[in-house]
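The next block holds one structure in the form of structure tokens; read it before the comments.
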Amino acid sequence: MEKQKELLRALPKVDECLVLLESSFDESIPPRIIKQCVQQCIEQERKKILSGDRTTRQSEKWWIASFEAAVEKKMSYNLCRMINGTGVVIHTNMGRSLLPQKATELLTQAGGYYSNLEFNLQTGKRGSRYSLVEEVICELTGAEAAMVVNNNAAAVLLVLDTLAKGTEVIVSRGQLVEIGGSFRIPDVMAKSGATLVEVGATNRTHKWDYENAITDHTSMLLRVHTSNFRVIGFTSDISGEDLSSIARDHGLVTMEDLGSGSLIDLSKYGLMKEPTVQEVVKSGIDVVTFSGDKLLGGPQAGIIVGARDVIDKVKKNPLTRALRIDKFTLASLETILRYYYDINSALENIPTLSMLTVQRDVLKKRAQRIVRRIRKKISGTCQVAVVKTNSRVGGGAMPECDLPSYAVQLDPRDIRLSVLEKAFRKMPIPIIGRIEDEKYILDVRTIQDEEINVLCDLIVDYFDQGTQQ
Ligand SMILES: *Cc1c(COP(=O)(O)O)cnc(C)c1O
């Protein structure tokens, strides 16, 4: 007890610390931030002493280092770029799709200048923000009309709220999807005020399942793409054409939540066959929703395409205002969509697509390049090798699709992998890898060529610094 009191008494005074720190920071750092950090550090130390976690006095050097670290942390941005070595291309926790440079240029313009976001340059009167991308979406998908909202979850909610509120919506049991986070079809349905009517079995749903469930209260037949899971084996599902024909016979509307929503048939490039937006539109489904930042490779957005009368109703829903997209999204979305006028240009320029379709020898060379750059410099502490691995599409798309890839494997001599993983995660530009077969690996599919220099420097620095962390 005596000891504890003594330690508490020995805690430094804020004003004294501020004097000690006079030469640590330049004027760009507000004094109140420094003071706040000092107070917090001292407070943390006080708690440690009181809880018995701290039984010795800290040196002046220790205090200065912790104040400096606290200020540096406080002054650095919370959202930061990272290096994705996980090989998961559409990584929802890492910002999903990367934008091409052209799109980021337009983002900057939209931010720094006034724009015709809602200004019709022909008439000089108010315009609609949706019209900026509607035409290109319609041309690419074959739909009559289109609009865009904040994300696909919003798109689904908005369409259900517009078309199905207070009525029954029929969905196959095999499609009651939960997408990570808390997006579950039954819950979204409940929020929209529609009543979910489940039909069929988990693995099989037939035409007559839908037909038998139709009542006077039914307004819609909904299909949900089972993005992130597959039912395999004895399965059966009805086609979009059949669903549309049942709906027509009964005067109902059809909707498909396509999830990822690709405009290109990626099975031509060694990936799985997923229905494209164009195919779903062609099958006669009245309204289709999909994400902007999954397989499309654009910004976060929810795209709604379909029959003109349906989209017009959606546009008039007051909820639209609450879910609307901003100018940054529109600026980058338009760039992405324009690349799709030429498939090769899309594959080359849209990072999500180029990462998914890159040739294996390109990946192998990239891994070799990294290994050549770091091997000699860290050979004393870590073994480095090029190894084969499998990447993932991510974003809840093509869950069972392994994409053969290459990785840089790090096998440190005296550092535990969990320690290495943590240290990499705490770097000035965090590096996120995977631990596979008791080794740390960086899948190069998701590492951009222009990141290689900084990645190598960070790795070499880490092993050079005696790896004390
Ligand atoms: C991803 C997904 C959503 C949610 O889309 P967000 O753009 O993330 O809001 C909804 N439905 C399906 C089927 C999905 O795959």
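Annotations for the structure displayed:
- Taking the listed residues Gly292, Gly298, the one that is within 16 Å of the ligand (Cβ to nearest atom) and in contact with a Pro (Cβ under 8 Å, 6 or more places away or on another chain) is Gly292, with no other qualifying.
- Scanning the range 227-260 for residues that are within 16 Å of the ligand (Cβ to nearest atom) and open to solvent by 30 Å² or more (accessible area, probe 1.4 Å) gives Asn228, Phe229, Arg230, Val231, Asp237.
- Long-range neighbours under 6 Å by Cβ, at least six apart or interchain, first residue of a type in the set (Lys, Arg) within the range 405-431, second open to solvent by 10 Å² or more (accessible area, probe 1.4 Å): Arg413/Thr381
- Any pair with Cβ under 6 angstrom, 6 or more apart, that starts in the range 287-314 at a residue that is more than 21 Å from Leu221 (Cβ to Cβ) and ends at one that is part of a loop (DSSP other than H, G, I, E, B) and away from the ligand (no atom under 16 Å from the Cβ): Gly297/Ile350
- Residues satisfying the stated conditions in the range 417-438, i.e. of a type in the set (D, E, K, R) and modelled with pLDDT under 95: Lys426, Glu436, Asp437, Glu438
- For the range 221-276, a residue qualifies if it is under 20 Å from Met398 (Cα atoms), in contact with an Asp or Glu (Cβ under 8 Å, 6 or more places away or on another chain) and in a strand (DSSP E or B), and the qualifying residues are Arg223, Val224, Ser262, Thr276.
- Restricting the range 113-138 to residues that are without any contact (Cβ under 8 Å) to a residue 40 or more places away in the chain and closer than 30 Å to Ala397 by Cβ, the residue that is most open to solvent (accessible area, probe 1.4 Å): Glu135
Residues are listed down the side, and each one gets a yes or a no for (1) surrounded by 21 or more Cβ atoms within 10 Å (Cβ to Cβ); (2) acidic (Asp, Glu); (3) within 24 Å of Thr352 (Cα to Cα); (4) not assigned by TED's automatic domain parsing to the domain that holds Ile264:
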position: Cys382; (1), (2), (3), (4): yes, no, no, yes
position: Val393; (1), (2), (3), (4): yes, no, yes, yes
position: Ala397; (1), (2), (3), (4): yes, no, yes, yes
position: Glu400; (1), (2), (3), (4): no, yes, yes, yes
position: Ser405; (1), (2), (3), (4): yes, no, yes, yes
position: Arg416; (1), (2), (3), (4): no, no, no, yes
position: Asp437; (1), (2), (3), (4): no, yes, no, yes
position: Arg445; (1), (2), (3), (4): yes, no, yes, yes
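- For the range 150-172, a residue qualifies if it is within 21 Å of Ala307 (Cβ to Cβ), open to solvent by 30 Å² or more (accessible area, probe 1.4 Å) and within 26 Å of the chain's Cα centre (by Cα), and exactly one does: Leu157.
- Count of the range 371-408 residues which are farther than 27 Å from Ala103 by Cβ and more than 16 Å from the ligand (Cβ to nearest atom): 25
- One residue stands out in the range 173-220 among those that are within 13 Å of the ligand (Cβ to nearest atom) and assigned to a loop (DSSP other than H, G, I, E, B): the one that is least open to solvent (accessible area, probe 1.4 Å), namely Val177.
- From the list Leu140, Leu132, the one residue that fits, being modelled with pLDDT under 95, within 15 Å of Arg338 (Cβ to Cβ) and away from the ligand (no atom under 16 Å from the Cβ), is Leu132.
The values are calculated or read from the model by the stated rules, or taken from the named source; none is laboratory data. Nothing here was measured: the structure is a model prediction, and the numbers come from that model. Here the Cβ is made from the backbone with ideal geometry for all residues, glycine too, and neighbour counts use every protein chain on show. Accessible surface is based on the protein model in full, side chains and every heavy atom, while ligands, DNA and RNA are left aside. Shrake-Rupley method; radii C 1.70, N 1.55, O 1.52, S 1.80 Å.
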